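A.B. asks: Have a look at the structure that comes next, please.
The values are calculated or read from the model by the stated rules, or taken from the named source; none is laboratory data. The structure presented is a predicted model; accordingly, all values stated were derived computationally and were not measured. Don't worry about glycine lacking a Cβ; one is built from the backbone with ideal geometry, like all the others, and counts go over all protein chains shown.
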Amino acid sequence: MPELPEAEVVARQIRTRFLGTRLREIWVGREDIVREGYTTVLWYRGASLQSIERFGKSIVLGFTNEQVCRYVVAELGMTGLLLFQSTQVKSPQHIHVRLLFDGSSESELRYWNPRRFGRLSLLDKAGLERYLARRFGVDPLLVSQPDFVRVLRERRGRLKSLLMHQQVVAGIGNIYANEILFRAGLHPNMQVGRLSVGKVERLYGIMREVLEEAIACGGSSVRDFFAPDGTEGQYKRRHLVYGKGGQPCPNHCGGTIRRHQGERSSYFCPRCQSLRSAK
């Protein structure tokens with residue numbers, strides 16, 4: 001947490017406030033919060049913010065300074081947030097980076113991260129290409145259906161684990177993997193090699209539906225997430241199985257949502273999501 005929908009909400013809000021503005025300074029409160037490129041901080045002074053993109057769960061800010069491009073990559077990790085200056089935040093000591101802008105109604109974009117599982121990276125174009133190549137698989141909202149089918153059918157392993165493997169499918173975490181698989185009627189432990197092409201095609205459509213619905217709702221505010229402007233995501237109100245272990249199946253099949261504790265908890269209905277439903 002946050003996952004793809006939350007990161008997309010963050011990117012869109014930042015785009016509306018800061019795109020085209022000029023960066024006055026980057027203030028870094030902790031050097032260890034910058035994974036790579038700390039010595040290039042001064043380069044960004046006076047640079048223009050020309051792009052704000054999402055890759056998986058990360059936000060990439062693209063700056064231009066005298067026709068040279070560099071990038072600030074913000075990994076949200078488990079508790080990372082990018083916040084406008086006007087947004088009130090608990091524990092302000094966990095604001096580790098401030099980007100100060102000219103030409104916007106908001107003068108600062110702040111990186112808040114109490115547990116520091118996420119980091120920032122300051123990269124040139126070649127560095128960004130290396131970063132993206134080693135970290136991210138296909139994007140669920142950009143990949144075509146045939147390519148998604150090919151990617152999954154080339155793999156072996158449990159379906160939920162593959163959906164959450166960032167170098168296979170970028171951006172899906174535990175919340176949305178559970179919701180997607182329940183809607184698709186697929187058991188999280190199903191071996192992906194057993195799935196028919198038709199099942200994978202249906203999974204593709206449901207995956208996109210769930211993620212797009214979540215983005216429209218502002219994401220899911222579970223535990224710490226809220227958007228840069230301080231609003232909470234409302235998609236948590238639409239969760240069908242995540243966090244609902246022991247409750248009746250919302251499909252009214254007579255089953256009960258089961259929680260299986262592994263590396264990450266899986267929530268599923270053993271009646272609606274049978275291991276035998278691969279065809």
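A.B. asks: Residues in region 4-30 that are of a type outside the set (A, V, I, L, M), modelled with pLDDT of 95 or more and over 18 Å from Phe101 (Cβ atoms): how many?
C.D. replies: The number of residues fulfilling the criteria is 3.
A.B. asks: Would you mind telling me which numbered condition in (1) surrounded by 15 or more Cβ atoms within 10 Å (Cβ to Cβ); (2) assigned to a loop (DSSP other than H, G, I, E, B); (3) outside the structural domain of Leu23 (by TED's automatic domain parsing); (4) not polar (S, T, N, Q) Gly118 fails?
C.D. replies: Looking at each condition in turn, Gly118 falls short on (3).
A.B. asks: Moving to a separate point now. Any chance region 214-236 includes a residue that's more than 28 Å from Gly255 (Cα to Cα), in a helix (DSSP H, G or I) and modelled with pLDDT of 95 or more?
C.D. replies: yes
A.B. asks: Continuing with the same structure: Applying the selection to region 143-167, what residues are among the aliphatic types (A, V, I, L, M), assigned to a loop (DSSP other than H, G, I, E, B) and either modelled with pLDDT under 95 or within 14 Å of the chain's Cα centre (by Cα) (or both)?
C.D. replies: From region 143-167, those among the aliphatic types (A, V, I, L, M) are 143, 149, 151-152, 159, 162-164; that's our starting set.
Keeping just the survivors that are assigned to a loop (DSSP other than H, G, I, E, B) gives 143, 164.
Across region 143-167, the qualifying residue is only Met164.
A.B. asks: Provide a single number: the residues in region 144-162 that are touching a residue at least 24 places away in the same chain (Cβ under 8 Å), in contact with a strand residue (DSSP E or B) (Cβ under 8 Å, 6 or more places away or on another chain) and not aromatic (Phe, Trp, Tyr).
C.D. replies: 6
A.B. asks: Kindly indicate the residue of region 241-255 that is touching a residue at least 12 places away in the same chain (Cβ under 8 Å) and surrounded by fewer than 17 Cβ atoms within 10 Å (Cβ to Cβ) and also nearest to Asn178 (Cα to Cα) among those meeting that condition.
C.D. replies: Of all residues in region 241-255, those touching a residue at least 12 places away in the same chain (Cβ under 8 Å) come to 241-246, 249, 251, 253-255.
Next, only the ones that are surrounded by fewer than 17 Cβ atoms within 10 Å (Cβ to Cβ) stay: 243, 245-246, 251, 253-255.
Working: Gly243: 10, Gly245: 12, Gly246: 15, Asn251: 15, Cys253: 18, Gly254: 19, Gly255: 16 Å.
Restricting to residues being touching a residue at least 12 places away in the same chain (Cβ under 8 Å) and surrounded by fewer than 17 Cβ atoms within 10 Å (Cβ to Cβ), the top hit is Gly243.
A.B. asks: Inspect all residues belonging to region 31-46 and state whether any of them is at pLDDT below 95, in a strand (DSSP E or B), aliphatic (A, V, I, L, M) and buried (at least 19 other Cβ atoms within 10 Å of the Cβ).
C.D. replies: So far as region 31-46 goes, yes, one or more of its residues are at pLDDT below 95, in a strand (DSSP E or B), aliphatic (A, V, I, L, M) and buried (at least 19 other Cβ atoms within 10 Å of the Cβ).
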